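A.B. asks: A single structure is presented below for examination.
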Amino acid sequence: MAAVALRNCLFATAVVQVLCDRPDNVGPLGNSKGTRGNGAQRRQPELLPGKRQMGQSVLHVTRLHRYDHAGLAAMLQAETLWQASLNGNSTALRTFKQRHNYVHLSEQQSKGLREHHQEVLAGGGMDRGRAEVNDSFLRTGHRKTRARPVTSLKRLDSQYVGYIGVGTAPAEGGNCVTTDPSSFMDAPRLVDDEDSSSAIEHGNCQVTEQSQVMVVFDTGSTNIWIDSDLCTEGPCAKPDRHRYNHKKSLTYKVPVHGLDLHIQFGTGEVTGPQAIDDFHVGPLTVKQQTFGMIQTEQGSVFEDIPLEGILGLAFKKMSANGVMPFFDNIINQKVLDDNQFSFYFNLHNPAANAILWGGADRNFFTGPLHYFKVTDPFYWSIDLVSFRIGDKEWDFDKGKWKKNMNTEFAPAATGSLMEQQQTPKAIVDTGTTFFTAADGLFEKIMDELPSGCCEQVNRTTHPNMIYTLHSTDGNLVDFELTNNEYMSVSKGEDCKDQEYCSTDFMKINIPAEHSPAMVLGEVFLRHFYSVFDRGTGESESTGRVGFARAVHDGAALERLQALTQNAASYTKIYGSKNPEAGSVQP
């Protein structure tokens with residue numbers, strides 16, 4: 001049934017829209033106990049929205065590239081190989097098959113991780129990370145308002161980037177008659193029509209995206225920043241960067257109480273005014289979204305990372321100046337039938353990743369999909385019942401290891417707000433690469449799982465690591481990772497040119513009001529397909545996160561290729577404009 005239904009799917013260009021008759025045998029995703037599912041049979045093609053019972057399911061897929069700081073040339077090389085595979089070159093993607101089973105990082109990330117371990121373990125300080133990067137503020141005139149920092153954009157972290165449309169411009173031959181902007185901050189308007197959005201919606205004017213920019217899709221932050229025409233110097237003014245031009249957008253508006261924003265991003269910072277415009281994800285449109293137009297960019301981090309914006313997907317409580325977040329607008333405007341998005345991160349191939357809007361696709365995971373309630377809707381934060389290494393379990397109250405016992409769990413929701421906040425949390429964050437632990441626990445983890453020459457790593461020296469979570473159906477679910485799943489490999493000078501295995505943990509302290517907490521970052525999410533579900537959207541308390549064991553076989557790649565074969569190619573957009581790319585060959 002499912003395979004037959006998929007033959008009737010309609011594919012749109014750019015970001016892909018898939019419209020399928022829902023098969024009768026596809027129900028809501030289950031929550032049965034069990035996590036690994038390695039012995040499960042291969043699935044038939046199946047699109048699974050979270051709640052919808054009848055009619056059509058709608059799935060939008062944005063292919064993402066993992067930028068791992070290996071440089072733009074490496075990014076374009078991976079993209080060229082991906083495009084070659086679409087053209088029938090079956091050997092193109094074999095480049096990304098590893099000779100080892102450990103997590104693959106770029107040399108730059110591996111070096112940065114080793115330096116972080118050496119500095120912290122030598123007592124040289126702590127990485128304050130995403131949650132406590134330098135104080136940020138919003139300012140209007142001389143008034144400053146504290147705001148929660150967003151992503152840190154460190155060279156240790158990967159950035160998952162993809163395209164999003166911003167603004168609205170008349171299409172060629174679109175029957176649009178516009179006025180000229182009356183001032184620097186003004187925009188064109190349709191002649192004899194006060195409401196451009198209304199005219200567009202009723203078909204009086206055929207339009208297209210004003211600009212298409214490459215943004216980081218980040219579940220660890222909430223606000224939106226976009227490179228704009230206001231930037232005239234610095235990284236955001238580079239000729240290979242794409243910028244939103246507010247003066248050419250029919251749907252641009254100035255916020256009534258807009259602010260000039262100043263935000264610190266790790267070693268860099270951006271400033272610029274707030275703006276309002278329509279955002280486009282393939283065939284989806286989010287109307288009148290408030291965001292920050294980047295006017296100035298400072299810091300080498302923006303020179304190194306070829307991104308043109310950040311799109312935050314966390315909760316409104318984190319939002320600067322009380323701005324309605326992007327996904328909250330999706331909910332309020334009923335853009336999706338199911339208020340979900342999900343991520344598929346490939347183990348090795350930086351070009352084979354995706355964010356799926358409106359549901360989940362079983363071709364990218366195996367076994368049951370377990371859901372976990374968001375209990376601190378600031379981050380995508382869920383209750384962490386226990387953290388174990390081998391037969392040792394960490395006691396968050398006493399700050400030491402204890403012998404592993406049968407875990408019992410009383411849901412935090414039955415206690416006071418303070419008790420809920422003090423319950424250990426697991427924060428699911430696509431913008432952090434590594435596992436994280438706070439001061440004290442980090443050092444204990446590194447004692448138990450030390451980095452070193454790979455030939456010295458085995459099940460005895462480096463036992464399995466287990467996170468236990470409490471599912472929405474009342475079960476305790478173990479997420480177990482072997483040493484090759486929580487360690488990465490690089491060349492080691494101390495190992496006589498043999499491979500060096502690093503434990504993929506960083507030391508980060510989460511703010512006290514959201515602690516104790518550990519981050520499940522990109523390394524975890526490469527192994528587990530993730531679903532971010534806002535439920536009915538009536539309250540942030542309906543949020544939940546789903547996990548299932550990801551699959552990385554040829555069928556999964558073929559599925560991603562089929563879903564995104566008409567998407568824009570990074571090589572076409574960046575390769576011809578950037579001399580760093582050089583000549584890339586499949």
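A.B. asks: Can you find even one residue in region 256-274 that is part of a helix (DSSP H, G or I) and closer than 22 Å to Gln212 by Cα?
C.D. replies: Within region 256-274, not a single residue is part of a helix (DSSP H, G or I) and closer than 22 Å to Gln212 by Cα.
A.B. asks: Limited to region 338-350, what total is found for residues that are more than 15 Å from Val531 (Cα to Cα) and surrounded by fewer than 23 Cβ atoms within 10 Å (Cβ to Cβ)?
C.D. replies: Total satisfying the criteria: 4.
A.B. asks: Follow-up. May I ask you to verify whether Lys287 is part of a helix (DSSP H, G or I), among the basic types (Lys, Arg) and modelled with pLDDT of 90 or more?
C.D. replies: Taking the combined requirement at face value, the residue does not satisfy it.
A.B. asks: Next up: Hey, Ala320 hits all of (1) open to solvent by 40 Å² or more (accessible area, probe 1.4 Å); (2) of a type outside the set (Lys, Arg); (3) over 30 Å from Arg559 (Cα atoms) but one; which does it fall short on?
C.D. replies: (1)
A.B. asks: Go through region 205-230 and report how many residues are in a loop (DSSP other than H, G, I, E, B) and either of a type in the set (Ser, Thr, Tyr) or out of contact with any Asp or Glu (no Cβ under 7 Å at 6 or more places or on another chain) (or both).
C.D. replies: 8
A.B. asks: Can you find a residue that is open to solvent by less than 10 Å² (accessible area, probe 1.4 Å), aliphatic (A, V, I, L, M) and within 16 Å of Ser342 (Cα to Cα) anywhere in region 362-377?
C.D. replies: Yes, that holds for at least one residue.
A.B. asks: Evaluate region 423-442: report whether one residue or more is free of Cβ contacts under 8 Å to residues at least 24 places away in the same chain and farther than 19 Å from Arg549 by Cα.
C.D. replies: no
A.B. asks: Taking the options His242, His246, His262, His280, name whichever one is in contact (Cβ under 8 Å) with a residue 40 or more places away in the chain and either acidic (Asp, Glu) or open to solvent by less than 10 Å² (accessible area, probe 1.4 Å) (or both).
C.D. replies: After ruling out the rest, the residue left standing is His246.
A.B. asks: When the residues of region 560-586 are filtered to those that are touching a helix residue (DSSP H, G or I) at 6+ places or on another chain (Cβ under 9 Å), modelled with pLDDT of 65 or more and not in a helix (DSSP H, G or I), which remaining residue is nearest to Met75 (Cα to Cα)?
C.D. replies: Ser569
A.B. asks: On the basis of being charged (D, E, K, R) and outside any helix (DSSP H, G or I), does Lys334 make the cut?
C.D. replies: Yes; evaluated as a whole, the condition is true for this residue.
A.B. asks: From His552, His527, which residue is open to solvent by 30 Å² or more (accessible area, probe 1.4 Å) and closer than 19 Å to His104 by Cα?
C.D. replies: His552
A.B. asks: Then there is this: Out of all the residues in region 479-514, which are open to solvent by 10 Å² or more (accessible area, probe 1.4 Å) and either within 22 Å of the chain's Cα centre (by Cα) or of a type in the set (Asp, Glu) (or both)?
C.D. replies: Passing the criteria: Glu480, Glu485, Glu493, Asp494, Asp497, Glu499, Lys507, Asn509, Ile510, Glu513, His514.
A.B. asks: Would it be correct to say that Gln274 is of a type outside the set (A, V, I, L, M, F, W, C), at pLDDT 90 or above and within 20 Å of the chain's Cα centre (by Cα)?
C.D. replies: no
The values are calculated or read from the model by the stated rules, or taken from the named source; none is laboratory data. Here the structure is a predicted model, which means the values were calculated and not measured. All Cβ positions, even for glycine, are placed from backbone atoms using ideal geometry, and neighbour counts span all protein chains on display. These area figures cover heavy atoms from the full protein model, side chains too; ligands, DNA and RNA do not enter into them. Shrake-Rupley method; radii C 1.70, N 1.55, O 1.52, S 1.80 Å.
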